[in-house]
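See below for the structure under consideration.
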Amino acid sequence: MTMTSPATSAALTKAAPPRQGAFLDRTETMGAIALAVLIFVILPLALDPFRLNLFGKYLTYAFVAVGLVLCWGAGGILSLGQGVFFGLGGYALAMFLKLEASSPENTAIQSTPGIPDFMDWNQITELPFWWQPFHSLTFSILAVIAVPAFFAFVIGTAMFRRRVGGVYFSIITQAIAAILTILIIGQQGFTGGVNGITDLRTMKGWDIRSDEAKTILYFVNGGLLFACLALAQFVRRSKLGRILIAMRDREDRVRFSGYDVASFKIFVFCLGAAFAAIGGAMFTVQVGFMSPSFVGIVPSIEMVIFCAVGGRNSILGAVWGTLLVNWAKTLFSEAFPELWQLGLGALFIAVVLIFPDGLAGLWKTHVNPRIERLFPRRTTPTVPAE
Amino acid sequence: MFADYSGSELLSIFAMQGFAGLILFSVFVLMALGLAIIFGQMGVINMAHGEFMILGAYVTYLVSRAFEAWAPGLFGAYFFVAMILAFFVSGGLGMAVEWLLIRRLYKRPLDTLLATWGLSLILQQIYRMVFGAREVGVTIPEWMMGSLVLSDMIEVPINGLFVMALAVGISAGVYILMYRSRWGLQVRAVVANRTMADAVGINTERTDRMTFAIGCGVAGVAGAAFTMIGSTGPTAGQLYIVDTFLVVVFGGAGSLIGTIASAFSISQAQSILEFFLSGSMAKVLTLLAVVGILMVRPQGLFALKLRK
Amino acid sequence: MTRKTSLPPTKLSRRHFLATSAAAAAGATLFTPKGLRAQDFPTAAVNTTGLAVTDTEVTVGILHSVTGTMAISETGSVQAEKLAIEQINAQGGVLGRKIKFVQEDGASDWPTFAEKAKKLLVDDKVASVMGCWTSASRKAVLPVFEQYNGMLYYPTFYEGLEQSPNVIYTGQEATQQIIAGLDWVTQTKGAKTFYLLGSDYIWPRTSNKIARKHIEKLGLEVVGEEYYPLGHTQFNSVINKIKLKKPDVIYAIVVGGSNVAFYKQLKAAGIDMTKEKPLLLTISVTEDEIRGIGGENIEGAYACMKYFQSLKNPNNEAFVKAFKEMWGEDMVIGDVTQAAYLGPWLWKAAVEKAGSFDIDKIKEASPGIELTTAPEGYVKIHENHHLWSRTRVGRALADGQYEVVFETADLVEPNPFPEGYQ
């Protein structure tokens, strides 16, 4: 923080520079406990398996939102192509599951049994070499994280080393999302095209479609989300996190102070990509398919919205925001199928205009002071007041 | 692949293909000019740009219906009325949006992106509620749908010529406005240094509003022109947004010449590739090339030199 | 209107009727013919799996996109399904129960389709679902229907290569639609060379694959094959290639917004389709799409599908009249809209044949069901859950309608896994 003068950085005061000391401050602890209770106790008890699975799906988007808080909230890098990483992660696992679902017995009616159905429809008679490794679950799980992270590394290196930033970075990531979508759709013999990779059934013989499996996967998903949250929090509390914020606010000064700005950006972008990829993989296994419609621009922007609604500076807020927007979307579109888009559009504008710090900001300015008043801190500050 | 054709056939096909590239170029210029003004001069990322274009297309539709009903004799000329109206309707909406929304966000360019995305969702839904979810058919005057037959291979579509003429006309108009008028001087002054511009007595707020309105108005005219070659439906605007942004960014924000040069290079690349490859691959390769070049030269083809 | 399809109750239900509700039946309305009153079919007997069926009502789902890019196409299907449901209710409903529908929006997004399908089956427990349009949306919901055992009536002409016991495909599969049209164009127009063109996704690619195989079987030539991304709006390059290759037939499977761009640019480039040099044959442009394209821009093109609004038969005239009364005089009806209209009727017929709302019984009862009242004429459900139907070729007129120039003499057998075309 030393190199950032508070006077010149209005945004910084809003972002509340993390204090040294505890891993979580009081508000964050309360938020984390509330979230854990909601995810692990309230939702599983209150919802039937169908609705629980829906929330499981929403939570997979939360991975992306948490990654965005790191990139965008902390690092000031707004990627409009997070769908690319979500999709790559999802496809990596979908390829494994599809190969398992396409055993020669299951696909006996095809002209070439043993390959995925969409390949057969496209007159491909042999599994392409780059599909081969996906017979292995270990490889696939590694690929879920490694492929998107590597891709992010390449993009990040190319852009940040050339000091592409801000709006330009956003637009280029958007273009990359568009390219990948066209490519996946165009190469349908290898990728399943616009339909995506569908009809995934089992994972190492375990039927992922049953209600029990979905409940278990929901908890796995929740656990992974908390692991990612912890990692994100660790990064934010570390020196790296503070350099990121300094960079967001005054990039030049950080650079002049001798820091290698690009490396920090690349690292956080890769981390965000890896989070998104885990979300994508969890999506695939919970929903049972992966399609190019996640890779495109629209879902990528929607994920930014989830993050913005929750509060771009708060990792917990991002999860709350994701849950709230998706739940509202489901509810609203069930009640008014022809009008929900208006509400969603209005929400975007409201978030930007009225509460730019999202739910987390509202909490901080409205709810938290009241709680503080009701339950004054018992621990006295270590530095006595004058 | 050329072995089967005679020299004259090849010649005419290259002429035709060159012409197709020019039409694509004009389409890109029309799409991008409005955005070049808004994004280039003001730094506002208007994700609802496509919806402003479609508004122009819907205005054209309404005008065509009105002429059909009340002045069928003048139907051949309705298009000009439609374009002028489209300019004012889209521009008027742009002005309102600037006043309600954009002016609060000048310091936060990434936030304008989110807000205008929300705006685009709302506009799409409004179009759907007003005009129905289906596409509307805009009847184009008969004289505009024909072609000039130069030889039995070479036929020049009149609407292509029209789009080209319009692109030239609007580019010239924007150029004069930006570089030869007092207003343009003010806009450039505000872009270069807002505080100083304010200090010397330029009403920066009004300048911003007019800039945004004109950018939207140009988008409206482009939308009106696109009824000749594309579809008019609630979500049709989405088709243009990525291409448009890439053209502007590739050209170098803030530079009109850059926008035109970038539209030219992207359109020619795409049109040539389309002839040799399938359409999908041509598109992928063009976009990849643009992204690749932008990584090497992030400031775009023509960068405006500004002191920060 | 469906007297023919309302078969008498099966033995099972009659036995139940005698055993349980003789008294209730005695007090039934005299206007409903015997065997169609709700009392004749006690809920406990016709609904053993807990579907949303009460003594007076049965709930079905409608699942289409009313927002997003696909809303353009799917609106007509929603309208047709609502019309069919209203007409069925006016005739007394299904097994004496009025149909109530729950409409969900797929929002042109495949995962949303899957989510909503699940919601309809699990939460609403609907007795059947009329819905989906694109193949991608059907592929997304298919595992859901199979897992939770639902019934989907899918209206769109599609690429085939699928046969699920949980789906009734009321549109044509690719071979039905393609082969008759190609035979017609080679026999009556003497076509020798073809240029295949399509939007880049599975339906156009599979259809063109079948078309190519058939063309090559006939000993004719494909001179070009080309795909453009969905939503592409610039076709001048491919038009130039077509001019260079001079095919006898342009075989176009362009969809959505691209359609409008393609036909407008084709006309502007001086390819006058009324001269039929080259002739344009499409399987993707219905009357619905022509509204967006403009009749004057596509006049003279030929389309090959099973239904055109201009079909002259009493069923169709009544259908067109009812549709316009419900949705407005300026409505047009395309092939898919008509196929969507068949969905509720076919389901009704299956329920009545089975004498039960149970999905398994409907699955079993469906093959062999015939509908003489279909606007397209007589149709029948094949063992493979597709419809036997006639294929017709229409010529586009300037007013946006098709004039039927050819129809197959017999019903064409659906063959979703065609030997020799894969």
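Here are some notes:
- Across the stretch A:120-150, the qualifying residues are those that are outside any loop (DSSP other than H, G, I, E, B) and at pLDDT below 90, and the one among them that is surrounded by the most Cβ atoms within 10 Å (Cβ to Cβ) is A:TRP121.
- Exactly one residue among B:LEU24, B:LEU93 is in contact (Cβ under 8 Å) with a residue 40 or more places away in the chain, under 30 Å from B:MET145 (Cβ atoms) and buried (at least 24 other Cβ atoms within 10 Å of the Cβ), and that residue is B:LEU24.
- Check on A:ILE171, touching a residue at least 40 places away in the same chain (Cβ under 8 Å), farther than 26 Å from A:ASP117 by Cα and either touching a Ser or Thr at 6+ places or on another chain (Cβ under 9 Å) or assigned to a helix (DSSP H, G or I) (or both): yes
- Contact map, the stretch C:311-330: first residue surrounded by 13 or more Cβ atoms within 10 Å (Cβ to Cβ), second residue of a type in the set (A, V, I, L, M) and outside any loop (DSSP other than H, G, I, E, B), Cβ cut-off under 8 Å, separation 6 or more or different chains; pairs are C:LEU311/C:VAL404; C:ALA322/C:LEU83; C:PHE323/C:ALA80; C:PHE323/C:LEU83; C:MET326/C:LEU83; C:TRP327/C:LEU83.
- Every residue from the stretch B:133-190 that is surrounded by fewer than 20 Cβ atoms within 10 Å (Cβ to Cβ), within 14 Å of chain C (Cβ to nearest Cβ) and among the basic types (Lys, Arg): none
- Of everything in the stretch C:230-253 that is more than 7 Å from chain B (Cβ to nearest Cβ) and of a type in the set (Val, Ile, Thr), the residue that is surrounded by the most Cβ atoms within 10 Å (Cβ to Cβ) is C:VAL249.
- Hey, A:THR157 of a type in the set (S, T, N, Q), at pLDDT 90 or above and closer than 25 Å to C:ASP109 by Cβ or not: no
- The numbered conditions (1) outside any loop (DSSP other than H, G, I, E, B); (2) at the interface with another protein chain (Cβ under 8 Å from one of its Cβ atoms) are all true for C:ALA107 except (1).
- Restricting the stretch B:128-154 to residues that are outside any helix (DSSP H, G or I) and out of contact with any helix residue (DSSP H, G or I) (no Cβ under 8 Å at 6 or more places or on another chain), the residue that is modelled with the lowest pLDDT: B:ASP152
- Among residues of the stretch B:204-239, those that are in a helix (DSSP H, G or I) and modelled with pLDDT of 85 or more, counted: 25
- When residues of the stretch C:260-272 are limited to those that are more than 7 Å from chain B (Cβ to nearest Cβ) and either at pLDDT 90 or above or surrounded by 23 or more Cβ atoms within 10 Å (Cβ to Cβ) (or both), the one farthest from C:HIS232 (Cα to Cα): C:LEU266
- Listing of helices (runs of 4 or more DSSP H) fully contained in the stretch A:260-344 that carry 2 or more residues being within 14 Å of chain C (Cβ to nearest Cβ), more than 24 Å from A:THR215 (Cβ to Cβ) and touching a residue at least 24 places away in the same chain (Cβ under 8 Å): A:297-310
- Within the stretch C:65-77, residues that are more than 7 Å from every other protein chain (Cβ to nearest Cβ) and touching a residue at least 40 places away in the same chain (Cβ under 8 Å) reach partners that are aliphatic (A, V, I, L, M) and in a helix (DSSP H, G or I) with beta carbons closer than 7 Å, at six or more positions or on different chains, in the pairs C:SER65/C:ALA71; C:GLY76/C:VAL336; C:SER77/C:VAL336; C:SER77/C:ALA340.
- Of all residues in the stretch C:225-245, those that are within 14 Å of C:LEU196 (Cα to Cα) have Cβ atoms under 8 Å from Cβ atoms of residues that are of a type in the set (Lys, Arg) and modelled with pLDDT of 90 or more, 6 or more apart or on another chain, in C:GLU225/C:ARG212.
- Any hit, the stretch C:312-333, residues being touching a helix residue (DSSP H, G or I) at 6+ places or on another chain (Cβ under 8 Å) and basic (Lys, Arg): no
- Residues that are in contact with a Ser or Thr (Cβ under 6 Å, 6 or more places away or on another chain) and under 21 Å from B:VAL163 (Cβ atoms) within the stretch C:233-253 comprise just one, C:SER237.
- Annotation: of all residues in the stretch C:120-137 being more than 7 Å from chain A (Cβ to nearest Cβ) and in a helix (DSSP H, G or I), the one that is nearest to the chain's Cα centre (by Cα) is C:SER137.
- Qualifying positions in the stretch A:160-176 - modelled with pLDDT under 90 and aliphatic (A, V, I, L, M): A:VAL164, A:VAL167, A:ILE171, A:ILE172, A:ALA175
- Wholly enclosed strands (runs of 3 or more DSSP E) of the stretch C:310-422 bearing at least 2 residues within 30 Å of C:LYS275 (Cβ to Cβ): C:392-396, C:402-407
- Applying the criterion of being of a type in the set (Val, Ile, Thr) and part of a helix (DSSP H, G or I) to the residues of the stretch C:79-104, the residue that is farthest from C:THR59 (Cα to Cα) is C:ILE88.
- Residues in the stretch C:66-78 that are more than 21 Å from C:ALA350 (Cα to Cα), of a type in the set (S, T, N, Q) and in a helix (DSSP H, G or I): C:SER73, C:THR75.
- Failed criterion for B:GLY201 (all others in (1) assigned to a helix (DSSP H, G or I); (2) surrounded by fewer than 17 Cβ atoms within 10 Å (Cβ to Cβ) hold): (1)
- Residue count, the stretch C:138-159 (criterion: facing chain A (nearest Cβ under 9 Å) and touching a residue at least 40 places away in the same chain (Cβ under 8 Å)): 1
- B:ALA224 meets the conditions (1) closer than 30 Å to B:LEU62 by Cβ; (2) within 14 Å of chain C (Cβ to nearest Cβ) in every case but one. The failed one is (2).
- Of all the numbered requirements in (1) surrounded by fewer than 16 Cβ atoms within 10 Å (Cβ to Cβ); (2) within 14 Å of another protein chain (Cβ to nearest Cβ), A:PHE219 misses one, and that requirement is (2).
- Filtering the stretch C:183-205 to residues that are more than 14 Å from chain A (Cβ to nearest Cβ) and touching a Phe, Trp or Tyr at 6+ places or on another chain (Cβ under 8 Å) leaves C:TRP184, C:VAL185, C:THR188, C:PHE194, C:TYR195, C:LEU196, C:LEU197.
- Test: B:LEU113 is closer than 29 Å to C:ILE72 by Cα, within 14 Å of chain A (Cβ to nearest Cβ) and at pLDDT below 85: yes
- Those residues of the stretch B:256-273 which are within 14 Å of chain C (Cβ to nearest Cβ) and either polar (S, T, N, Q) or free of Cβ contacts under 8 Å to residues at least 60 places away in the same chain (or both), in sequence order: B:SER267, B:GLN268, B:ALA269, B:GLN270, B:SER271, B:LEU273
The values are calculated or read from the model by the stated rules, or taken from the named source; none is laboratory data. Since the model is a prediction, treat every value here as computed from it, not as a measurement. Note: ideal-geometry Cβ built from the backbone for every residue, glycine included; neighbour counts use all protein chains shown.
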